[in-house]
1. Out of (1) over 21 Å from residue 133 (Cα atoms); (2) in a helix (DSSP H, G or I), what's the single condition that is false for residue 94?
2. All but one of (1) surrounded by 11 or more Cβ atoms within 10 Å (Cβ to Cβ); (2) in contact (Cβ under 8 Å) with a residue 40 or more places away in the chain hold for residue 62; state the number of the condition that does not hold.
3. For region 13-20, indicate whether the set of residues that are farther than 17 Å from residue 85 by Cα and at pLDDT below 90 is non-empty.
4. Is it true that some residue in region 88-96 is closer than 20 Å to residue 11 by Cβ and at pLDDT 95 or above?
5. Take region 67-87 and flag every residue that is under 12 Å from the mean Cα position of the chain (by Cα) and either loosely packed, with under 12 Cβ neighbours inside 10 Å or assigned to a loop (DSSP other than H, G, I, E, B) (or both).
6. Would you list the strands (runs of 3 or more DSSP E) that sit entirely within region 1-59 and hold 1 or more residues that are surrounded by fewer than 19 Cβ atoms within 10 Å (Cβ to Cβ) and in contact with a helix residue (DSSP H, G or I) (Cβ under 7 Å, 6 or more places away or on another chain)?
7. Touching a strand residue (DSSP E or B) at 6+ places or on another chain (Cβ under 7 Å), touching a residue at least 60 places away in the same chain (Cβ under 8 Å) and under 18 Å from residue 102 (Cβ atoms): which single residue out of 11, 18, 25 fits that description?
8. Can you tell me which residue within region 118-138, out of those that are without any contact (Cβ under 8 Å) to a residue 24 or more places away in the chain and touching a strand residue (DSSP E or B) at 6+ places or on another chain (Cβ under 7 Å), is farthest from residue 25 (Cα to Cα)?
């Protein structure tokens, strides 16, 4: 039996700002853009991983949710408490410079970690933590 990751989800409060980050700054491709009952889902992915998708979804993708639940989810998203995504890169420093130049909010500059990676971190426009890791040789 072979099990692989197919999709993961990231909550965003503004799909257009999220696309400016994920598509324009990171270079991910848009694979689908769907609206339903006043909500929107955008599927993106790396051209080098055609079978793995990231779905940019509303913070609370439930048309029957209460206003209180929507406020709670919006508050958690704004604090960066909902999702974290880690991308692999072959050059952490170059990726850091590209994302910073595109206006990414820096959380951590590139640094070597004791567990064998060099990594850095940003917040996306919705407040989610996004990390980039490069395996260290040796």
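1. Single failed check for residue 94: (1).
2. Exception for residue 62: condition (2).
3. No, region 13-20 has no match at all.
4. Step one: filter region 88-96 for residues closer than 20 Å to residue 11 by Cβ, giving none.
No, every residue in region 88-96 fails to be closer than 20 Å to residue 11 by Cβ and at pLDDT 95 or above.
5. Initially, region 67-87 is screened for residues under 12 Å from the mean Cα position of the chain (by Cα), giving 80, 82-87.
Across region 67-87, the qualifying residues are 80, 82, 83.
6. Numbers: elements: 7-11, 29-36, 39-45, 53-57.
Correct list: 29-36, 39-45.
7. Details: 11 fails: under 18 Å from residue 102 (Cβ atoms); 25 fails: touching a strand residue (DSSP E or B) at 6+ places or on another chain (Cβ under 7 Å).
Only one candidate passes the filter, namely 18.
8. Top of the filtered list is 121.
The values are calculated or read from the model by the stated rules, or taken from the named source; none is laboratory data. Note that the structure is a prediction, hence the values are computed from the model and not measured. Cβ coordinates were reconstructed from backbone atoms using ideal geometry, including for glycine residues, and neighbour counts include every protein chain displayed.
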